[in-house]
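For reference, the structure discussed in these notes is given below.
What follows is calculated from the coordinates using simple rules that are stated; it is not laboratory data. Computed from a predicted structure; not experimentally measured. Quick reminder, even Gly has a Cβ in these numbers, built from the backbone with ideal geometry, and neighbours come from all protein chains shown.
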Amino acid sequence: MLQVSQIAKSYQGENGEVRAVDQFSMSVDAGRFAAVRGPSGCGKTTLLLMCGGLLAPDEGNITVAGQDPYGLPPDSRARFRATNVGFVFQQFHLVPYLSVLDNVLAPALASNVADARARAMELIGRFGLEDRRHHVPGHLSTGERQRAALARALLNRPKLLLADEPTGNLDHENAEAVLGYLKDFAGEGGAVLLVTHDDRAVQYADEVVQIRNGRPVAD
């Protein structure tokens, strides 16, 4: 589902070039949950953005479901991403003035989902948010916001789910719940790539790659 081959990405920092990701390779098959673990600043988020079609690598190749997203024109790449990839972030990125229901429905604006409302209500129920569906994010607990963000990521039935430190702001109980949901997604045939510094991810992931200074150092 995801194939990453010798990708690299550099930025221009105050003291010269910073090699954020350096010759990184891995693959994630359908039905598998992979975790990339490492400390802050080691290149995890840059790696995830490249895998999701949001940041082109300087070197190397990425394919998602057999397609190179960076070989597509920008509009086509956006449509491909909306159809095939779901994102879950540490900071949730919910629209503050929209209800839970409208936040979950938001991806349907970029991709045609024939049963969008029914699908949204199904996910809201699955994540225990029925009583919160008309609430705005500011009226939700931290755990509820992350569950709403996860429901939004799943609306379009993506093939690949990318999660950037989704448990970073959560207490133990909510973190365990989110990791369980990610495991369930993989169990239903999806592919999951999680980047994290949370040791609990090891208990859920099928494979774990350590990253340091942009390079994989252990598997």
If you put +1 on each Lys and Arg Cβ and -1 on each Asp and Glu Cβ, how big is the dipole of the chain around its Cα centre, in Debye rounded to 20?
-> 420
The range 73-200: Rg/Rh from Cα coordinates, Kirkwood Rh?
-> 0.94
Quotient of Cα Rg and 2.2 N^0.38 Å for the chain, N being how many residues it contains = 1.00
Coordinate range along principal axes, alpha carbons of the range 149-219, Å, largest first = 34, 27, 18
Average the reciprocal distances over every distinct pair of alpha-carbons in the range 1-110, invert the result, and give the Kirkwood radius in Å.
-> 15.6
Mind ordering 194-207, 24-37 by average Cβ neighbours within 10 Å, highest first?
-> 24-37, 194-207
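Counting other beta carbons within 10 Å of each residue's own, what order do Met1, Met50 fall into, fewest first?
Met1, Met50
Could you list Cys42, Cys51 in order of exposure, starting from the residue whose Cβ has the fewest other Cβ atoms within 10 Å?
With the sparsest Cβ surroundings first, the list reads Cys42, Cys51.
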By the Cα gyration tensor axes a ≥ b ≥ c (a/c under 1.5 gives rounded; else a/b larger than b/c gives prolate, otherwise oblate), the shape of the range 5-58 is prolate
Exposure proxy check on Asp68, Asp75: fewest-to-most Cβ neighbours within 10 Å is Asp75, Asp68
